[in-house]
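*Asks:* Structure below; questions to follow.
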Amino acid sequence: MYIKKEIGYLGEELATKYLKEKNYEIIQRNFICRQGEIDIIALDKTKKELVFIEVKTRTNNKYGNPSESVNENKQKHIYRTAEYYTYKNKLDKMLIRFDIIEININISKKTYKLNHIYKAFIKT
């Protein structure tokens, strides 16, 4: 279990670095409340959108691409958590977006591939 947490933390670090390079302002990491957890909350300065980002990191695709694990149930938790966050911080008038950043890490080669999926899901 410890290795899994370390890989997840490494993925979030890589995602944060990537987002900063792409002109995002990191507002908060690992926001947790009763409704759920959001890995990264950021402001897309270019589009002026508040972005709730789920980071999924894997060392292999044995169980599919990392983003495939963000199923409908997980999306509902993220959406409800985002609703609470925007209400709590009086940001309910802001444009919001839900993204997924998937990262595939090759530990032996010490390389990784990052894929940013914009508007990964939208609650209807």
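*Asks:* Within the range 53-68, identify whether any single residue is farther than 19 Å from Leu14 by Cβ and crowded, with 18+ Cβ neighbours inside 10 Å, and answer yes or no.
*Replies:* No - not one qualifying residue is present in the range 53-68.
*Asks:* Residue under question is Ile7, and the condition is that it be at pLDDT 95 or above, β-branched (Val, Ile, Thr) and either under 14 Å from Arg97 (Cβ atoms) or touching a Ser or Thr at 6+ places or on another chain (Cβ under 7 Å) (or both); does it hold?
*Replies:* Here the answer is no, as Ile7 does not meet what is asked.
*Asks:* Hey, another quick one. Only one of Lys76, Lys20 is without any contact (Cβ under 8 Å) to a residue 24 or more places away in the chain and either outside any helix (DSSP H, G or I) or surrounded by 11 or more Cβ atoms within 10 Å (Cβ to Cβ) (or both); which? So that I can check it myself, show each step before the final result.
*Replies:* Numbers: Lys76 fails: without any contact (Cβ under 8 Å) to a residue 24 or more places away in the chain.
Matching residue, one of Lys76, Lys20: Lys20.
*Asks:* Just to be sure before I move on: is Tyr85 within 18 Å of the chain's Cα centre (by Cα) and over 15 Å from Glu12 (Cβ atoms) in the structure I sent?
*Replies:* yes
*Asks:* Leu91: more than 21 Å from Thr16 (Cβ to Cβ), surrounded by fewer than 17 Cβ atoms within 10 Å (Cβ to Cβ) and touching a Leu at 6+ places or on another chain (Cβ under 8 Å), yes or no? Can you show your working first?
*Replies:* Values: more than 21 Å from Thr16 (Cβ to Cβ): no; surrounded by fewer than 17 Cβ atoms within 10 Å (Cβ to Cβ): yes; touching a Leu at 6+ places or on another chain (Cβ under 8 Å): yes.
No: the conditions fail for Leu91.
*Asks:* Just the residues that are of a type in the set (Ser, Thr, Tyr), more than 15 Å from the chain's Cα centre (by Cα) and not in a strand (DSSP E or B), please, taken from the range 88-124.
*Replies:* Ser108, Thr124
*Asks:* Additional query: Among the candidates Ile40, Ile27, Ile32, single out the residue that is crowded, with 18+ Cβ neighbours inside 10 Å, among the aliphatic types (A, V, I, L, M) and assigned to a strand (DSSP E or B).
*Replies:* Ile40
*Asks:* Filter the range 51-73 down to residues that are in a helix (DSSP H, G or I) and acidic (Asp, Glu) and give me whichever is modelled with the highest pLDDT.
*Replies:* Glu72
*Asks:* What do you reckon, is Lys110 in contact (Cβ under 8 Å) with a residue 24 or more places away in the chain, loosely packed, with under 12 Cβ neighbours inside 10 Å and among the basic types (Lys, Arg)?
*Replies:* No: the conditions fail for Lys110.
The values are calculated or read from the model by the stated rules, or taken from the named source; none is laboratory data. Please read these numbers as outputs of a predicted model, since none were measured by experiment. Note that we place each Cβ from the backbone using ideal geometry, even for glycine, and neighbour counts take in every protein chain shown.
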